[in-house]
Amino acid sequence: MREYLLTLCITAAVTYLLTGPVRKFAIVAGAMPEIRARDVHREPTPRLGGIAMFFGLCAGLLVADHLKNLNAVFSNSNEPRALLSGAALIWLIGVLDDKFEIDALIKLGGQMIAAGVMVMQGLTILWLPIPGVGLVALTQWQGTLLTVALVVITINAVNFVDGLDGLAAGMVCIASAAFFLYAYRIWYSYGIEAAAPATLFAAILMGMCLGFLPHNMHPARIFMGDSGSMLIGLVLAAGAISITGQIDPDVMNLFSGSERNTVHQTVPVFIPLLLPLTIIAIPAADLVLAIVRRTWRGQSPFAADRGHLHHRLLEVGHSHSRAVLIMYFWSALIAFGALAYSVNSGAMWSVLAIAALSAVGLVLLLLPRFTPRAPRWAEHLVPPRYRRRRAAAAAAGDGAPVTHETAAAGDPDEAREHRAPAAAGVAGVNGATAIGTRPRLLDRREAESSR
């Protein structure tokens, strides 16, 4: 566990430290597209954050290769090299798209080629445990098609949900945390070395997301772009493929009896892994709804619009940060709920806890304008907007003009309305430096005129 945590920390540190210089490079390179009608942000913001995430991935793999216990992953398996090859290819395609906005079909072809590269190097699904049937071995073509389909679906699911500041990185980080706990349990508790690559991939993926999130939280100073969203989607899919289709359930020796009974009884264990979309159910649902919605309108499934789930939350009345936190909540509930069910499918407490938390999530969806207030003894632990004293002081000034300070103490949505516009030009780009103060929101018309 110490070596996994060290790999995670190194990956996060490299990603975090490189994101600032990458942001400045993106501004110089002109990787700052004009604000479109469907965009939520109101300032021209640089992309190419995937560059820092890719080098964080490389640093994590390099460090793991030189650690005593994790070195066996590289000597016994070719999967880390397969992941790096596919990640490099999908990253290059994403960088080109962030700069030149290449066609959607070209990106789809690149995703399929990246998945094929990983298959050629051994990262593929070999068999599947199917309830009531047993362990079904796949032919080479069946395994290749299933692997490519899984990679493409996961990449596009993550790419579709990347619409709010910090949303995609946070949701994938939550999914990879649940995935890491499960993969580590199989590797350590049952002594199955074939689960070690997936555990390593999950730890590195968490580091990539955690290192990028401080720069990407609202208001974001840089976007990961397709170079980042497609990259983390591929890494997540690679981990699921590694542990799902290459580990024999009989090796775990959980039950006695026939192979069919063994697989049937171990289905709860493999639920989060047979269907990786379970741990990214929110992005997957957004992907399916987007395809149905656009096809129903006679549009291309790749045509962009403002109908995604996070856009709907904003339309209901939730603020930007609250919409992101709600998406985090549902992602964590589904991911860790599936993890708890896989550990003990017969525990009634897990079902009751999931049901109770689902009810809480529904209440949060129905209260978009509710601003919680912390008790007085905990006011110093929360942001000023949740403190009763400042909120009361802001409300007490009846005839006084509303300033940014008084508005910030109350409703954050009201505070945004009183923010001063930022200066135009490069100096007014979201976050002048990677560690400097964050500027005010810029009106969309002013942002477009400055371009």
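If the cut-off is a Cα-Cα distance under 26 Å, which lysines reach Lys107, setting aside same-chain residues fewer than 8 apart in sequence? Correct list for Lys107: Lys24, Lys99.
Rg and Dmax of region 130-207, based on Cα coordinates, read 15.4, 44 Å. Going by a ≥ b ≥ c, the root eigenvalues of the Cα gyration tensor, does region 1-124 fall in the rounded group (a/c under 1.5), the prolate group (a/b larger than b/c) or the oblate group? Oblate, because a/c is 1.5 or more while a/b does not exceed b/c. Which percent of the accessible area of region 28-126 is formed by carbon and sulfur heavy atoms (probe 1.4 angstrom)? It is 66 percent, rounded to a whole number.
Probing with 1.4 Å while keeping every protein chain in the model, the per residue accessible area of region 75-164 equals 45 Å².
How much length is gained if the chain between His380 and Leu357 is pulled fully straight, taking 0.36 nm per residue apart and subtracting their Cα-Cα distance, in nm to one decimal?
5.6 nm
Per-peptide packing, taken as the mean over residues of other Cβ atoms within 10 Å, places 223-234, 170-181 in the sequence 223-234, 170-181 from highest down.
Among the trypsin sites (Lys or Arg not before Pro) in region 42-103, those located in a DSSP loop and surrounded by at most 13 other Cβ atoms within 10 Å of their own Cβ are Lys68. Shown in residue order for region 325-341 are the 3J(HN,Hα) couplings computed by the Karplus curve 6.51 cos²θ - 1.76 cosθ + 1.60 at θ = phi - 60°: 5, 5, 5, 4, 4, 5, 5, 5, 4, 6, 5, 6, x, 5, 5, 5, 5 Hz (x for Gly and Pro). Sorted into 5 angstrom bins from 0, the C-alpha pair distances of region 69-175 split as 2, 11, 16, 19, 20, 16, 10, 5, 2, 0 percent. Taking 7 Å steps out from each Cα toward its Cβ at Asp65 and Val343 produces label points 3.5 nm apart.
Highest mean packing first, where packing is the average number of other Cβ atoms within 10 Å per residue, the peptides 48-55, 156-163 line up as 48-55, 156-163.
The values are calculated or read from the model by the stated rules, or taken from the named source; none is laboratory data. All values derive from a computational prediction rather than experimental measurement. Cβ sites come from the backbone with ideal geometry, for glycine too, and all protein chains shown count toward neighbours. Side chains included, ligands, DNA and RNA excluded: accessible areas come from the protein's heavy atoms. Shrake-Rupley method; radii C 1.70, N 1.55, O 1.52, S 1.80 Å.
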